[in-house]
Amino acid sequence: MSIRHSLLALLQDQPRYGYQLRVEFEDRTGSTWPLNIGQVYTTLDRLDRDGLVSNDGGDGEGHVVYSITEAGRAEVQGWFATPVERSNPPRNELAIKLALAVTLPGVDVAAIIQAQRTASMRALQDYTKSRRDTAANQRAADTAWLLVLDSLIFQTEAEIRWLDLCEARMLQLAQASGARSHVRKPSNGVTVEEATPLTAENRR
Amino acid sequence: MSVQGPQQVLELAKVSRTFGQGATAVAALREVDLTVNAGEFVAVMGPSGSGKSSLLALAGGLDRPTSGGVFVESTPMAGLGLNALARLRRRAVGYVFQDFNLVPTLSAAENVALPLELDGVPARKAHRQAVDALRQVGIPELAHRLMDEMSGGQQQRVAIARAIVGNRRLILADEPTGALDSTTGHGVMEVLRSRADAGAAVMLVTHEARHAAWADRVVFIRDGRIVDEATAMHDPAVLLAPAD
């Protein structure tokens, strides 16, 4: 996530100080990605150094106010105009875990898949509930948050569909080789307890 | 309402269902225990052939278990004769079929009012309730339309209206979003959710995670057995993640 560009985009709106920027950012993204205030100040220092913002001095109440420069505006425009780069391919802990699980002996892949499916479903239930509650008493500021929630819902749904596909493939493989034990055998290596599912806390 | 806790509307106790006999017998369900309480929305997820539709058919009294018991509002279905079973299904159970099962020569309102009229509700009252159910699924203006003049999505809504009419206590739905685009599918989930919030017990069979996520509890079924379940935490903290 580009904090640098996010802060610049918010400054394009109007001059702001560090704490205001944090509040604005979190408000528009439903606090899904909380910002550390220290991170905000370091980023503002670097933007100032690079000539993308200018330090307007104090507002008389101890806040240092920043405004965007022409170079900064150009930078924001470039950011919005450029599609998000996909790190190639994005590192996906779940895919890595399953790729290793299917290639190592003694791993109960079916159990790993089910443990993950349950954890992902729980997250999907919570996102769906949040979406319903937000949509039911929608304020103007909630539009951005609803979009973020939709994105989380689609990502989690894709994860579950992919898990279903993995399971179906494993079953096909097992049936083709006539060795159902490969999938169904009680684990003697990695167990479900050891295979911690990705949760909303550690999924990013 | 019981004071000891939630009221069970549907209970499946050690339910097994086997098709065929001897060496060719296929077990569709193996000793499944499942309860759905008043006000609860349960989704059953599983791949095709996992037994999820068999489970729903048993819950709705459309099929009888090979062993085990099915109870609707504490009434054992096994003890009911055909007439009593049909009456229970008309009064307490709403069932949304995958292929709608609507009467093509009747209008939308007549289809929805049919179970009420069969149960002796006067025609005008039944019609009023039918139009109200059609309003809940968003198509009150199509009340007088015949089935073959309606799109697949509209027919599906009529099928759902027929399942919820007359405040049924148990609503069972088998892939009710199959024929619908995603916006309409969302609308169907809103209807099922609001019936549960109004106190009905709702059980949905689906392979769509997005729809199952509307439920309070998602039950996963594999090879005729319940292998796991996910219960929503409704914990706002789950939405928070550390900054990068």
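The values are calculated or read from the model by the stated rules, or taken from the named source; none is laboratory data. From a predicted model like this one, the values you see are computed outputs, not experimental measurements. Here the Cβ is made from the backbone with ideal geometry for all residues, glycine too, and neighbour counts use every protein chain on show. Surface areas here come from the heavy atoms of the whole protein model, side chains and all, with no ligands, DNA or RNA. Shrake-Rupley method; radii C 1.70, N 1.55, O 1.52, S 1.80 Å.
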Restricting segment A:123-144 to residues that are in contact (Cβ under 8 Å) with a residue 12 or more places away in the chain and either open to solvent by 30 Å² or more (accessible area, probe 1.4 Å) or among the β-branched types (Val, Ile, Thr) (or both), the residue that is farthest from the other protein chains (Cβ to nearest Cβ): A:Ala141
Residue that is modelled with the lowest pLDDT [pool: residues in segment B:102-119 that are open to solvent by less than 60 Å² (accessible area, probe 1.4 Å) and outside any helix (DSSP H, G or I)]: B:Asp119
Any hit, segment A:99-117, residues being in contact with a Ser or Thr (Cβ under 8 Å, 6 or more places away or on another chain) and either open to solvent by 60 Å² or more (accessible area, probe 1.4 Å) or within 17 Å of A:Ala158 (Cβ to Cβ) (or both): no
Top-ranked residue in segment A:1-40 [being assigned to a helix (DSSP H, G or I) and touching a residue at least 60 places away in the same chain (Cβ under 8 Å); ranked as surrounded by the most Cβ atoms within 10 Å (Cβ to Cβ)]: A:Leu11
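Which one is nearest to B:Gly94 (Cα to Cα) among residues in segment B:40-77 that are of a type in the set (Val, Ile, Thr) and in contact with a Lys or Arg (Cβ under 6 Å, 6 or more places away or on another chain)? Give the steps one after another, and end with the answer.
Within segment B:40-77, the first condition is being of a type in the set (Val, Ile, Thr), and the residues that meet it are B:42, B:44, B:66, B:70, B:72, B:75.
Then keep just the ones that are in contact with a Lys or Arg (Cβ under 6 Å, 6 or more places away or on another chain); that gives B:42, B:44, B:66.
On the way: B:Val42: 15, B:Val44: 17, B:Thr66: 23 Å.
By that ranking, first place goes to B:Val42.
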Test set (1) among the polar types (S, T, N, Q); (2) surrounded by fewer than 18 Cβ atoms within 10 Å (Cβ to Cβ); (3) assigned to a helix (DSSP H, G or I) - A:Thr43 fails condition number: (2)
Any hit, segment B:88-101, residues being over 16 Å from the mean Cα position of the chain (by Cα) and modelled with pLDDT under 95: no
Residue match in segment A:49-70 (condition: assigned to a helix (DSSP H, G or I), aliphatic (A, V, I, L, M), in contact with a strand residue (DSSP E or B) (Cβ under 8 Å, 6 or more places away or on another chain) and outside the structural domain of A:Ser120 (by TED's automatic domain parsing)): no
Strands (runs of 3 or more DSSP E) completely within segment B:125-244 that count 1 or more residues being within 14 Å of another protein chain (Cβ to nearest Cβ), open to solvent by less than 60 Å² (accessible area, probe 1.4 Å) and under 30 Å from A:Ala115 (Cβ atoms): B:201-206, B:217-222, B:225-231
Test for B:Arg169: is it among the basic types (Lys, Arg) and more than 12 Å from the chain's Cα centre (by Cα): no
